[in-house]
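Single-structure report; data block below.
Values quoted throughout were computed directly from the atomic coordinates according to the rules given, and no laboratory measurement underlies them. Note that the structure is a prediction, hence the values are computed from the model and not measured. Here Cβ is always computed from backbone atoms with ideal geometry, including for glycine, and neighbour counts include all displayed protein chains.
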Amino acid sequence: MKIKWYGQACFRITAENGTRIVMDPYHDMFGYKLPELEAGIVTTSHEHGDHNNVGAISGTFEHIKEAGKFLNAGIEIKGIETFHDKVLGAKRGKNIVYHFKIDGLNVCHCGDLGHLLDCRQMQEIGKVDILLLPVGGTFTLNAADAAKVMKQLSPKIVIPMHYRTKALGKAGIVFEKAEKFVKIAKLNVSMEKELDVSLQDVDKKAGIVILDYK
């Protein structure tokens, strides 16, 4: 599969069979500009403007925006209800964490997760090979809590998201940089334009992968 990041929590995963999954497409804001994307599956973790611009995606797709189990083009998808904050959603509402079974790999997109996982949530998420994890704080997990969630789920590869980049300009001051998470996590780090990974080589690419949003 190929994994491309477009900033904030927006990713496109292209499976070996050609199916494209777009996660949390955003309205143009925070300095990022969403390119033209086509998909067969679109997931949104919650209804904030930097995560729910489904109208920007072209193609005939299934839009998944809730907890439950789904199957599309041979891809198993499970949505697990979590929260956008540490007070059961009282400040920022609910959030859906999505677990995908793609090409034999288990991918977990955390959306705007704002708290550590409880035992039930960890069990529902299950095995994780690749973790797409918010690390920027303020609106999501901060670097320290993100490192704890990483340990809870024990992925082979971690891809940070929702952190400060140059695209954010002055608005980025509210987010922590990815470097803070990297320092706490203490894992090997690689930088990629796009991650091309398979079941056969996932162990060789273990660690933190910083993706370019451009």
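Comparing 60, 43, 138 in a Gaussian network model of the chain (Cα springs below 10 Å), the most mobile by mean-square fluctuation is 60. Centre-to-centre, using Cα atoms only, the range 1-67 and the range 181-214 are separated by 20 Å.
Each helix, a run of at least 4 DSSP H residues, gives -39500 (n - 2.57); summed and divided by the residues of the chain, these come to -3500 deg cm²/dmol at 222 nm. Which shape class applies to the range 146-214: rounded if a/c is under 1.5, otherwise prolate when a/b exceeds b/c and oblate if not, where a ≥ b ≥ c are the square roots of the Cα gyration tensor eigenvalues? Oblate shape, in that a/c is at least 1.5 and b/c is the bigger or equal ratio.
What are the GluC sites (Glu not before Pro) within the range 65-172 that DSSP puts in a loop, where the Cβ has at most 13 other Cβ atoms within 10 Å? Sparse-neighbourhood loop GluC sites (Glu not before Pro): 66.
Counting other Cβ atoms within 10 Å as a rough exposure proxy, the listed residues 45, 198 run 198, 45 from fewest neighbours to most. Under 5 Å between amide hydrogens, built in the peptide plane, is the criterion, and for residue 95 it picks out 82, 83, 84 among residues at least 5 positions away or on other chains.
Of 13, 75, 96, the residue with the greatest mean-square motion in the GNM of the chain, using alpha carbon springs below 10 Å, is 75.
Put in order of Cβ neighbour count within 10 Å, fewest first, the listed residues 107, 209 become 209, 107.
Counting only residues 5 or more places away or on other chains, whose amide H sits under 5 Å from the amide H of residue 133 once H atoms are built in the peptide plane? It is 159, 161, by chain and number.
For the range 178-190, 3J(HN,Hα) computed residue by residue from phi via the Karplus equation (6.51, -1.76, 1.60; θ = phi - 60°) reads 4, 4, 5, 5, 4, 5, 6, 5, 6, 10, 4, 10, 10 Hz, glycine and proline entered as x.
Multiplying each eigenvalue of the alpha-carbon gyration tensor of the range 2-211 by 5 and taking the square root yields semi-axes of 22, 20, 18 Å, largest first, rounded to whole angstroms. Straight-distance candidates among the aspartates and glutamates for linking to residue 33, with alpha-carbon spacing under 15 Å and chain neighbours fewer than 8 residues away dropped: 24, 50, 212. Count Lys and Arg as plus one, Asp and Glu as minus one, and take only other residues whose Cβ is under 10 Å from that of residue 50; the net charge is then -3. Taking 7 Å steps out from each Cα toward its Cβ at residue 38 and residue 56 produces label points 1.9 nm apart. Between residue 86 and residue 203, the modelled labels are 3.8 nm apart [label points 7 Å from Cα along Cα→Cβ]. For the range 38-154, the square roots a ≥ b ≥ c of the C-alpha gyration tensor eigenvalues yield an a/c of 1.5 or more together with a/b not exceeding b/c, which makes the shape oblate.
What pairs from 65/91; 69/183; 91/183 go past 27 Å between their alpha carbons? Result: 69/183; 91/183 exceed 27 Å. Placing a pseudo-label 7 Å from each Cα along the Cα-to-Cβ vector at residue 187 and residue 2 gives an inter-label distance of 2.3 nm.
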